[in-house]
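Working notes, structure below.
The values are calculated or read from the model by the stated rules, or taken from the named source; none is laboratory data. From a predicted model like this one, the values you see are computed outputs, not experimental measurements. Here the Cβ positions follow ideal geometry from the backbone for every residue, glycine too, while neighbour counts run over all protein chains shown. Please note that ligands, DNA and RNA were not included when accessible areas were found on the heavy atoms of the full protein model with its side chains. Shrake-Rupley method; radii C 1.70, N 1.55, O 1.52, S 1.80 Å.
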Amino acid sequence: MKYLAALDQGTTSSRTVIFTTDGQMVASCGQEFPQHYPKPGWVEHDPRDILDTQISSLREAVRLADIHPEDIEAIGITNQRETTFLWDRKTGECAGNAIVWQCRRTSGIVEELIREGCGEMIRDKTGLVPDAYFSGTKLKWMLDYYNLRDKAERGDLCFGTADSFLCWNLLEDRPHVTDATNAGRTMLFNLHTQEWDEDLLKLLDIPRACLPRVTDSAGPIGMLDPAILGRRIPVTGMAGDQHASLFGQACLKPGDVKNTYGTGCFMLMNTGDKPVKSENGLLTTMAWRIGGKPSYALEGSVFMGGATIQWLRDELKIISTAAESETLAQSVTGTGGVYLVPAFTGLGAPWWDMYSRGTLIGMTRGTGRPHIVRAALEAIAFQSADLMEAMAKDAGRRPERLQVDGGASANSFLMQFQADICGIPVVRPKVLETTALGAALLAGLGAGVYSCAEETARAWKQDLEFPSRMDDGTRLLYMKGWHKAVERSLGFAKE
Ligand code: ADP
């Protein structure tokens, strides 16, 4: 029996999952690490924690799987995107902590770029809406703050995202590489030319000498250092988490869509070999790059997905577990006209209103706990339906079904309502660890275990399909009510 291992370096934990080559999960091990919030709005990770938890989760997963390291055919890496590391090329010593994707410290730099009228240029070249979220301004901040630009010019520093940082530290001969999907989230990489963009580097004053070499998402990257498992193992797959999950969901054809219901929701639609520019506030991103050929995707996210349910549990305290939301929602036949707009931190695509705030509306004397809980779950589905609508408009095609994963996809009420409100079936796979599966499959493809991407799709297996049961009239009424509620929430926090 041969195995594939996926290193899944996430925002709150580092995981390793081991699969058989036909996609069955054999063992998994996750290790959490501390988050650092040195100032309001700032988020950091200690690079040492990232390495330690990733290495120990790999060793533990191999032990749990009860396999020999030589039975691991290949390793794939997937990671939290955009989080920025900067380290010394000789010693590996990091310049401070990694700046996490959530960190808002560079908002001012982005505002400046927009004021200077660079927004459209950035969008055209990178597919991204300029934001502090992406790595480019974080790297600029580090070079400025630690006064490291000269050192970077001399080639003595390495910049990278978590994939890059792991490769440099865990692989033989310390390759300084990143894959195209991760490069595509830096706001420095040109989606069309597939190269670091000279204009963007100039704009942010980034020396080219500190940037990693950009590889395909599947193919030889290097060998795992034998000090880690006692054996060299090829690393042949690498992609950012949402891209790996799109691959692990076998969304290989244009029009295929997946939605991950975690803390937030991330929806990606494969758009094939052409980048589609969004007119509806979505990002254009790479799906993956295989054989030098990029595939593209549209991406949208919901800020408050499963986090809405956490809010019911931890702040309102009207449920004691996330799973309880399902039984409570099903204890009533509807919300009785109640809508919750969980715009706690503003609304993303297609609204993009940072001033909208949480709104609970439509209550009557009969409104109770189950109605509010149900409205919270419905809100996750409504927000996802808005994203899907935006994608359908941009791509000029309607998806045939929606593939789901992530913690909150375990909620069957939510999945059924999602199918109803989108008017297409929702399909839940057996393996919900699709991010890790995608990384493992990319590694398998890169190592020649599979002869083509289509062959990896056999590893995807369906668990449940939720057919859409709502008639068009009812669906329209629901969406009308939801949009009316959203209108009320917009702009609320504006001076
Ligand atoms: P992340 O990777 O973002 O940490 P996960 O995929 O682990 O997220 O999912 C966790 C989220 O899913 C939490 O926000 C939690 O509230 C939500 N969640 C978990 N189980 C359920 C459930 N049965 N119903 C609704 N939400 C759930």
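Would you confirm whether or not the range 131-139 contains a residue that is at pLDDT below 95 and open to solvent by 20 Å² or more (accessible area, probe 1.4 Å)? Yes: the range 131-139 contains one or more residues that are at pLDDT below 95 and open to solvent by 20 Å² or more (accessible area, probe 1.4 Å). Within the range 407-447, the residues that satisfy the criterion of being open to solvent by 10 Å² or more (accessible area, probe 1.4 Å), farther than 25 Å from ALA392 by Cβ and more than 14 Å from the ligand (Cβ to nearest atom) are LYS430, LEU445, GLY446, ALA447.
If you go through the range 255-267 and keep only what is within 16 Å of the ligand (Cβ to nearest atom) and either aliphatic (A, V, I, L, M) or within 14 Å of TYR296 (Cβ to Cβ) (or both), you end up with just MET267.
Residues that are open to solvent by 60 Å² or more (accessible area, probe 1.4 Å) and β-branched (Val, Ile, Thr) were ranked within the range 66-125; the one that is modelled with the highest pLDDT is THR91. Residue count for the range 335-379 under the criterion of being of a type in the set (Gly, Ala, Ser), open to solvent by 10 Å² or more (accessible area, probe 1.4 Å) and not in a loop (DSSP other than H, G, I, E, B): the result is 0.
Among the residues of the range 461-471, at least one is in contact (Cβ under 8 Å) with a residue 40 or more places away in the chain and closer than 30 Å to VAL235 by Cβ. Scanning the range 299-306 turns up at least one residue that is over 12 Å from the mean Cα position of the chain (by Cα) and part of a helix (DSSP H, G or I). Per the conditions (1) closer than 24 Å to GLY23 by Cα; (2) more than 16 Å from the ligand (Cβ to nearest atom); (3) among the hydrophobic types (A, V, I, L, M, F, W, C), the sole criterion not satisfied by ALA244 is (2). Looking only at the range 391-406, residues that are in a helix (DSSP H, G or I) and either in contact with a Pro (Cβ under 8 Å, 6 or more places away or on another chain) or within 11 Å of the ligand (Cβ to nearest atom) (or both) come to 3 in all. Note on the range 116-159: residues that are of a type in the set (Asp, Glu), assigned to a helix (DSSP H, G or I) and over 22 Å from the mean Cα position of the chain (by Cα) total 4.
Rundown of residues vs (1) part of a helix (DSSP H, G or I); (2) surrounded by fewer than 24 Cβ atoms within 10 Å (Cβ to Cβ), yes/no style:
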site: ALA227; (1), (2): yes, yes
site: ARG231; (1), (2): no, yes
site: ALA244; (1), (2): yes, no
site: ASN280; (1), (2): no, yes
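Looking at LEU252, is it under 19 Å from the mean Cα position of the chain (by Cα), more than 16 Å from the ligand (Cβ to nearest atom) and either more than 15 Å from LEU298 (Cβ to Cβ) or of a type in the set (Asp, Glu) (or both)? In short, yes. LYS274 fulfils the conditions (1) assigned to a strand (DSSP E or B); (2) more than 16 Å from the ligand (Cβ to nearest atom) except for a single criterion, (1). Condition (residue is farther than 19 Å from MET479 by Cβ, of a type outside the set (A, V, I, L, M) and under 19 Å from the mean Cα position of the chain (by Cα)) applied to the range 357-377: is it met by at least one residue? No, the conditions are met nowhere in the range 357-377. Looking across the range 306-340 at every residue that is among the small types (Gly, Ala, Ser) and free of Cβ contacts under 8 Å to residues at least 60 places away in the same chain, the one that is nearest to the ligand (Cβ to nearest atom) is identified as ALA307. Note on the range 349-386: residues that are of a type outside the set (A, V, I, L, M) and out of contact with any Gly (no Cβ under 7 Å at 6 or more places or on another chain) total 14.
Determine whether ASP46 is surrounded by fewer than 22 Cβ atoms within 10 Å (Cβ to Cβ) and in contact with a strand residue (DSSP E or B) (Cβ under 8 Å, 6 or more places away or on another chain). Yes, satisfied.
Within the set SER468, SER451, the sole residue that is polar (S, T, N, Q), assigned to a loop (DSSP other than H, G, I, E, B) and open to solvent by 50 Å² or more (accessible area, probe 1.4 Å) turns out to be SER451. Within the range 166-186, residues that are open to solvent by 10 Å² or more (accessible area, probe 1.4 Å) have Cβ atoms under 6 Å from residues that are in a strand (DSSP E or B) in these pairs: GLU172/MET223; PRO175/GLY222; HIS176/CYS158, counting only partners at least 6 apart in sequence or on another chain.
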